[in-house]
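See below for the structure under consideration.
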Amino acid sequence: DQQVKQNSPSLSVQEGRISILNCDYTNSMFDYFLWYKKYPAEGPTFLISISSIKDKNEDGRFTVFLNKSAKHLSLHIVPSQPGDSAVYFCAASAGATGANNLFFGTGTRLTVIP
Amino acid sequence: ETGVTQTPRHLVMGMTNKKSLKCEQHLGHNAMYWYKQSAKKPLELMFVYSLEERVENNSVPSRFSPECPNSSHLFLHLHTLQPEDSALYLCASSQRAQGTYEQYFGPGTRLTVT
C-alpha cells in the first residue's frame with residue numbers, strides 16, 4: 001500500500017505564474033517531509049524539507065506547506081521558471097521511530113511554458 | 001569527483017549474465033542505499049547499509065546481492081535477472097543520525113534485461 005501519494009502525474013504552468021504541487025500521505029507516524037527534483041538522466045536532488053512541528057518552510061522561490069490534520073503537503077514555486085521543468089517527488093520519513101528511511105511518491109512532472 | 005557517482009550509467013544484459021553496479025559517495029556519509037525506480041511507480045527502497053552493515057532488505061529477490069566493503073562504496077551484484085527487473089537503479093547516501101533525513105542520490109544506472 002502506497003503511503004505517499006502524488007495524484008497529479010503532470011502539471012503545466014505559464015512562466016512567471018505559481019506552480020502548486022500536491023502530496024498526500026497516510027502514515028500518521030511520518031514526521032519529516034522532503035521534496036526532491038529530478039531532471040532526465042540525473043538522480044533526484046534535494047530541494048526543500050519541513051518538520052512536522054512546522055506548517056510552512058520557505059527557501060527563496062520555494063515554499064512547502066504542511067497540513068497535518070489533512071495529511072497533506074504542497075510545494076509552491078513562485079515565480080515559475082522554465083528551468084523548473086522537472087519531475088518533483090514528495091518523500092516522507094518516520095524519524096521518531098528511529099529509522100530515517102524515506103517513502104516516495106510517484107512524482108509530478110512540471111512543465112513551465114515560456 | 002564529488003557527490004555520489006554510479007557506474008555504469010547504462011547496462012544491457014541477458015537473463016543468464018552476471019553483472020555488477022557500482023556506487024561511490026564522496027560526502028563522508030555513513031549510510032548508503034539502493035533504490036529501484038520503475039515507470040509510474042514510486043522509488044522502491046531495496047537495501048540500506050549503515051556503517052557498512054546491512055540494516056534493511058525489503059524483500060528483494062536473491063538475484064540481487066548487495067555488497068558494502070566500506071562506507072564509501074556500494075555494489076549491487078546481479079545474476080539471472082528477469083525482464084521485469086529492467087529499471088533505473090539509484091544509489092543514495094546520507095548521514096544516518098537522529099534528525100537527519102536528506103539523502104543524496106547518484107545519477108542512476110539504466111538497466112535493460114533482454
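Annotations
- In this assembly, the A-B interface accounts for approximately 1700 Å² of buried accessible surface in total, computed with a 1.4 Å probe and without ligands, DNA or RNA.
- For the peptide A:40-46, the mean number of other protein chain Cβ atoms found within 10 angstrom of a residue's Cβ is 6.
- Report note on the peptides B:54-60, A:39-45: ranked by the mean count of other C-beta atoms within 10 Å, highest first, their order is A:39-45, B:54-60.
- For A:T106, the residues whose amide H sits under 5 Å from its own are A:Q6, ignoring neighbours fewer than 5 places away on the same chain, with H placed 1.01 Å from N.
- Within the straight-line cut-off of under 30 Å between alpha carbons, the lysines reachable from B:K36 are A:K5, A:K37, A:K38, A:K68, A:K71, B:K18, B:K19, B:K22, sequence neighbours fewer than 8 places apart in one chain being disregarded.
- Alpha-carbon Debye profile of the range B:1-72, log10 I(q)/I(0) at 0.22, 0.23, 0.26, 0.27 Å⁻¹: -1.21, -1.28, -1.42, -1.43
- If you bin all the Cα-Cα distances of the range A:11-93 at 10 Å, starting from zero, the percentages per bin are 18, 51, 27, 4.
- Full extension of the chain between A:N27 and A:I53 yields a length gain of 7.8 nm, computed as 0.36 nm times the residue separation minus the alpha carbon distance.
- For the peptide A:82-95, the mean number of other protein chain Cβ atoms found within 10 angstrom of a residue's Cβ is 1.
- Per residue accessible area in Å² of chain A, where ligands, DNA and RNA are left out and the probe is 1.4 Å: 46
- Under the Karplus curve 6.51 cos²θ - 1.76 cosθ + 1.60, θ = phi - 60°, whole-Hz ³J(HN,Hα) for the range A:22-33, x wherever Gly or Pro sits: 10, 8, 10, 9, 10, 8, 6, 7, 5, 10, 8, 10
- Proximity of backbone amide H atoms, modeled 1.01 Å from N, is registered between B:R96 and B:N30, B:A31 at under 5 Å, excluding neighbours fewer than 5 places apart on the same chain.
- Backbone HN-Hα couplings from phi across the range B:45-52 [Karplus 6.51/-1.76/1.60, Hz, Gly and Pro as x]: 6, 9, 9, 10, 10, 10, 6, 6
- Other residues within the sphere of radius under 12 Å centred on the Cβ of A:T45, judged by their own Cβ, net out at 0 (K and R +1, D and E -1).
- In Hz, Karplus ³J(HN,Hα) per residue of the range B:60-71 (6.51, -1.76, 1.60; θ = phi - 60°; x = Gly, Pro): 8, x, 5, 5, 10, 10, x, 8, 10, x, 7, 5
- q = 0.10, 0.18 Å⁻¹: log10 I(q)/I(0) that the Debye formula gives for the protein assembly as shown, counting C-alpha atoms only: -0.46, -1.36
- Pairs of alpha carbons in the range B:61-114 whose separation is greater than 12 Å (percent): 73
- Threshold 40 Å², the range B:9-57 residues less accessible with all protein chains present than alone (1.4 Å probe): B:P42, B:L43
The values are calculated or read from the model by the stated rules, or taken from the named source; none is laboratory data. For clarity, every value in this text was computed on a predicted model and none was experimentally measured. Here Cβ is always computed from backbone atoms with ideal geometry, including for glycine, and neighbour counts include all displayed protein chains. Remember, those area values only see protein heavy atoms, side chains included, never the ligands or the DNA or RNA. Shrake-Rupley method; radii C 1.70, N 1.55, O 1.52, S 1.80 Å.
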